[in-house]
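Notes for the one structure printed next.
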Amino acid sequence: MRQIQSSRPRVLFRASLILLMGLFFFAYAVLSFPTSAQAAPVMQDEKPADDFCLACHQEEGLDFKLGKDVIAATINPTQFGNSVHAGEEVGCTDCHADISDYPHPKVKSKNARDFSFSLFVVCKDCHEDQFLKAQDSVHQKAIDEGNLNAAICTDCHNPHTQGRLTGQTSGELTPSARIHVPETCAQCHSGIYDAYKFSVHGNALIEEGNMDVPTCIDCHGVHNIQSPTTVSFRNTTPYLCAECHTDASIMDKYGISTNVLDSYVADFHGTTVKLFEEEFPGQPTNKPVCTDCHGVHNISKVSNPQTGVALKDNLLQKCQRCHPDATANFSAAWMSHYDPSPEHYPIVYAVNLFYKFFIPAVLGGMIFFVLTDIYRRIVNRIKGVKHA
Amino acid sequence: MSTKNQTQTYERFPVWRRIEHFTMLLSFSTLGLTGLPQKYPGSTMGVAVLNFLGGIENLRNIHHIAAIIMMFGTAWHILVMGYSVFVMHDKMSMLPSLQDAKDGLQALFYNIGFAKEYPKMGRYTFEEKMEYWAFVWGAGVMGATGFLMWNPVTATQYLPGELVPAAKAAHGGEAVLAVLAIIIWHMYGVHIKRFNKAMFTGQQTEAEMLHEHPLELAEIKAGTANRRPDAATIRKRQMIYFPIAAFLTLGMLAGIFGFINAEETALTTIEPLTESQIYVPQTPNP
């Protein structure tokens, strides 16, 4: 009994020692080899390093099924390492915040798109400005209307591979990023991209790396992209094009006139559109804007033999869109952005010249006569002479 | 000045001439007012007028309606002038003559002190004739250039396209000239110098006649002014003139109708450019 009594604390002591050692070992094991599920509660405040995730995720063919969709969960460590996120020390679990160990919590999303939608909101944590702008975009509007194909952050910016887009000091889009903008939009808008890449703008960007020509975002904006089919977008088109086309520092290189906006606004069509734009921006007008004659994404050089509007027949076709009965002479009624001069539109030049002298001559004569009459009346009154 | 001079009045403009003037006054002012925002689209005044009249399309409609009224006024004027000349055998007192140039020069010399007397003039002074013929010239220019702009598709079937912007330039230049000429010449001549109410009352006193149209007054007194032919003669001439006038009326109405309806210049709605589908993914949904 005694023996038993005496051995009891010893057993307890041994047991507690083993337990304690076990605990230490367990803690050590958890810290060094976090492979067991029981470790999770201990890890709540700790984030596994990217290397830890990549240990598994760099494996090729790491696919998992989500509904009918197969999601490739393989991450190329080199590509990720070159990404702006890795560079800025944004790690896997900064975005995948619900994951801290393996096995991962079950993905509740029904399909791949659903999965993207559940994850992209996390972008807001760091990119609030861009995220909120995108919330005002035509893409978000489409999503709200139930079109889940519309782009969210991650459709344009793959967070695992996205490189730096803007200069670190300048904050401006880098030339290399600029060149790839249309390809990004082409993922969903390939039809428009096909038109753009053969246009005078697209061809110069893609073939020559020309930095003067507009990419998609120069006309449509970046995150807060608005619908280009609205009346107000159409009515402001001339000013959009004019941002570059009235800038001599760009246009002089190519010998393109910067008089295009002024000459457009001075003409019947442009005057109307200007008045609509200023006074009634939301009201449609049937008068043409730049894109109605020059094209939208497929803008060509005006000298292009097939489509260039500097060629009379090509221009007439454009006229006939709105003036179906127009005949050959009609297109010359548009002064092709020229200011009338002795070389271009000499009749208009002559008429302007005539009135430039005729108006002051006639009015000057009238004013002169009226002044002499006033003078005579004053003189007669002073002299007390009755006026004739 | 005797009281007789103040009370004795002479009819200067019968009522239908006054209506004619009023029609032209209204249409001219409307054309000028609605033309301003079209000639100077960015100006403060232009924008104010534009907003007041409900936008550019509405403004153009009003401009066109005023032009139609002026066309009718012109047609009416041609018909009554024909009646006056061919039936009544009135003196063609509005025709300019060398005497008008002399009168104008003498008036100028008088004003600057080189002539002792102000010229004595008849039914229409050189100032009035100048304004009338300026209006005729202006109406011709504005009508022709207006037609080109109203019906550019029809016009360019026969004329070079360049004439359309040339017409626009001339229309604007002539408009500025016309409006300012009215403000300077007409305002001064009949409102500021002396408020001449003859175009509204139709009457002028003997004093006013003596002052402004002494030769006409002398003719009236001498009985050599327009004398009404006897009824039989009028009837005889009317039998000839009325058919011609009817023909002329039909022609002018057809002309006005053609002016207004020659063409549907442009489609009122243009198809939006649908160059391609918007959503065309390169790869299946990722």
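The values are calculated or read from the model by the stated rules, or taken from the named source; none is laboratory data. Since we're looking at a predicted model, the values are computed, not measured. FYI the Cβ positions are ideal-geometry reconstructions off the backbone, even for glycines, and counts take in every protein chain you see. With ligands, DNA and RNA removed, areas are computed over all heavy atoms of the protein, side chains included. Shrake-Rupley method; radii C 1.70, N 1.55, O 1.52, S 1.80 Å.
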Using the structure shown, decide if A:Ser341 is in a loop (DSSP other than H, G, I, E, B) and among the small types (Gly, Ala, Ser). yes
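Per-residue answers, yes or no, for (1) under 30 Å from B:Thr249 (Cα atoms); (2) modelled with pLDDT of 95 or more:
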| position | (1), (2) |
| --- | --- |
| B:Tyr40 | no, no |
| B:Met45 | no, no |
| B:Leu53 | no, no |
| B:Ile69 | yes, yes |
| B:Ala75 | yes, yes |
| B:Ser84 | yes, no |
| B:Gly122 | no, no |
| B:Ala144 | yes, yes |
Tally the residues that are within 18 Å of A:Ser199 (Cα to Cα) and either in a helix (DSSP H, G or I) or basic (Lys, Arg) (or both), restricting the search to region A:215-236. 5
Go through the residues of region A:101-124 one by one and say whether even a single one is basic (Lys, Arg) and open to solvent by less than 40 Å² (accessible area, probe 1.4 Å). yes
For region B:177-200, give me the residue count where each residue is within 8 Å of another protein chain (Cβ to nearest Cβ) and open to solvent by 40 Å² or more (accessible area, probe 1.4 Å). 2
Residues located in region A:290-313, provided they are of a type in the set (A, V, I, L, M, F, W, C) and either within 13 Å of chain B (Cβ to nearest Cβ) or in contact with a strand residue (DSSP E or B) (Cβ under 8 Å, 6 or more places away or on another chain) (or both): A:Cys290, A:Cys293, A:Val296, A:Ile299
Inside region B:72-117, can you point out the residues that are in contact with a Phe, Trp or Tyr (Cβ under 7 Å, 6 or more places away or on another chain) and open to solvent by 30 Å² or more (accessible area, probe 1.4 Å)? B:Tyr83, B:Phe86, B:Ser93, B:Met94, B:Pro96, B:Leu108, B:Glu117
For the condition farther than 22 Å from A:His245 by Cβ, buried (at least 19 other Cβ atoms within 10 Å of the Cβ) and of a type outside the set (D, E, K, R), what is the one hit in A:Ala142, A:Ala177, A:Ala186? A:Ala186
For a quick check of your reading of the model, give me the residue pairs whose first member lies in region A:143-168 and is away from chain B (no Cβ under 13 Å) and more than 18 Å from A:Ile179 (Cα to Cα), whose second is of a type in the set (Val, Ile, Thr) and open to solvent by 70 Å² or more (accessible area, probe 1.4 Å), with beta-carbon atoms closer than 9 Å and at least 6 apart or on different chains. A:Cys153/A:Val121
Based on this model, can you work out whether A:Lys318 counts as among the charged types (D, E, K, R) and either facing chain B (nearest Cβ under 9 Å) or under 48 Å from the mean Cα position of the chain (by Cα) (or both)? yes
What helices (runs of 4 or more DSSP H), lying completely within region B:92-197, carry at least 1 residues that are closer than 24 Å to B:Thr74 by Cα? B:126-150, B:152-158, B:163-181
Could you tell me whether A:Ser109 is farther than 20 Å from A:Pro77 by Cα and modelled with pLDDT under 95? yes
Complete set of residues in region A:339-388 that are at the interface with chain B (Cβ under 8 Å from one of its Cβ atoms), on the phi > 0 side of the Ramachandran plot and more than 59 Å from the chain's Cα centre (by Cα): none
I want to confirm something. Restricting to region A:239-287 and keeping residues that are among the polar types (S, T, N, Q) and either away from every other protein chain (no Cβ under 14 Å) or open to solvent by 60 Å² or more (accessible area, probe 1.4 Å) (or both), which single residue is nearest to the chain's Cα centre (by Cα)? A:Thr246
Condition (residue is out of contact with any helix residue (DSSP H, G or I) (no Cβ under 7 Å at 6 or more places or on another chain), more than 7 Å from chain A (Cβ to nearest Cβ), modelled with pLDDT under 95 and assigned to a loop (DSSP other than H, G, I, E, B)) applied to region B:246-262: is it met by at least one residue? no
Subset tally (residues that are surrounded by fewer than 24 Cβ atoms within 10 Å (Cβ to Cβ) and of a type in the set (Val, Ile, Thr)) for region B:160-176: 1
Confirm whether A:Val296 is under 30 Å from B:Tyr40 (Cβ atoms) and among the β-branched types (Val, Ile, Thr). no
